[in-house]
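Trainee: Questions regarding the structure given below will be posed in turn.
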Amino acid sequence: MAIVEQKHIWIKGNEDALQEQGVFSLTSYDPRDRLIRAAKAWSICWVLAVLALATFIPVVHLLAAAGLFIAGPIMGYSRYRSLSIANDVTGVCPSCRKDITLKIQPEDSLPIWTYCPVCGAPLHLVAK
Ligand SMILES: [Zn+2]
């Protein structure tokens with residue numbers, strides 16, 4: 001079962017003196033969920049490979065089908081290896097003092113460098 005966890009972090013500005021608390025939200029997966037996620041990714045790639053084989057465009061027919069056939073196990077393995085994925089970070093920007101929600105990449109982990117969506121100031125997200 002997927003569990004949404006929240007960790008308290010520091011949101012630091014360009015100068016280390018400027019910092020605010022934030023909440024880093026991530027979803028953790030147990031082994032059964034990781035296996036299901038891996039099977040979905042693998043099967044989607046192979047279904048798309050079969051559909052690519054059914055096209056009548058020669059380049060798409062050969063290259064896309066071969067690429068998707070190879071990508072299936074790779075995507076499945078990478079999905080199975082990921083214990084958790086990052087959702088977002090909420091907190092207060094240390095530069096402009098406004099509430100912010102930062103969208104981050106699922107594979108990101110702390111520390112993260114990003115920019116404030118309101119004022120554009122560089123932010124450093126670190127664990128407490
Ligand atoms: Zn800001």
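The values are calculated or read from the model by the stated rules, or taken from the named source; none is laboratory data. The shown structure was predicted, so the numbers you read here are calculated from the model rather than taken from an experiment. Backbone-built Cβ (ideal geometry, glycine too); neighbour counts: all protein chains shown. These area figures cover heavy atoms from the full protein model, side chains too; ligands, DNA and RNA do not enter into them. Shrake-Rupley method; radii C 1.70, N 1.55, O 1.52, S 1.80 Å.
Trainee: Residues in segment 79-90 that are open to solvent by less than 60 Å² (accessible area, probe 1.4 Å) and closer than 30 Å to V47 by Cβ: how many?
Mentor: Looking only at that region, the number is 5.
Trainee: Collect the residues in segment 91-113 that are open to solvent by 50 Å² or more (accessible area, probe 1.4 Å) and either within 16 Å of the ligand (Cβ to nearest atom) or of a type in the set (D, E, K, R) (or both), keeping them in residue-number order.
Mentor: Of everything in segment 91-113, those that are open to solvent by 50 Å² or more (accessible area, probe 1.4 Å) and either within 16 Å of the ligand (Cβ to nearest atom) or of a type in the set (D, E, K, R) (or both) turn out to be S95, R97, K98, D99, T101, K103, E107, D108, W113.
Trainee: Within segment 55-70, can one find any residue that is within 16 Å of the ligand (Cβ to nearest atom), farther than 20 Å from R34 by Cβ and in a loop (DSSP other than H, G, I, E, B)?
Mentor: Checked against the condition, which is being within 16 Å of the ligand (Cβ to nearest atom), farther than 20 Å from R34 by Cβ and in a loop (DSSP other than H, G, I, E, B), segment 55-70 yields no hits at all.
Trainee: Additional query: Take K128 and tell me if it is away from the ligand (no atom under 16 Å from the Cβ), among the basic types (K, R) and modelled with pLDDT of 95 or more.
Mentor: No, not satisfied.
Trainee: Return yes when D88 is more than 10 Å from the ligand (Cβ to nearest atom), among the acidic types (D, E) and modelled with pLDDT of 90 or more and no when it is not. Talk me through it step by step, then tell me what you get.
Mentor: Working: more than 10 Å from the ligand (Cβ to nearest atom): yes; among the acidic types (D, E): yes; modelled with pLDDT of 90 or more: yes.
Taking the combined requirement at face value, the residue satisfies it.
Here's the yes/no breakdown for (1) touching a Lys or Arg at 6+ places or on another chain (Cβ under 8 Å); (2) of a type in the set (A, V, I, L, M):
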{"position": "V47", "(1), (2)": "no, yes"}
{"position": "G76", "(1), (2)": "no, no"}
{"position": "D99", "(1), (2)": "no, no"}
{"position": "P111", "(1), (2)": "no, no"}
{"position": "L123", "(1), (2)": "yes, yes"}
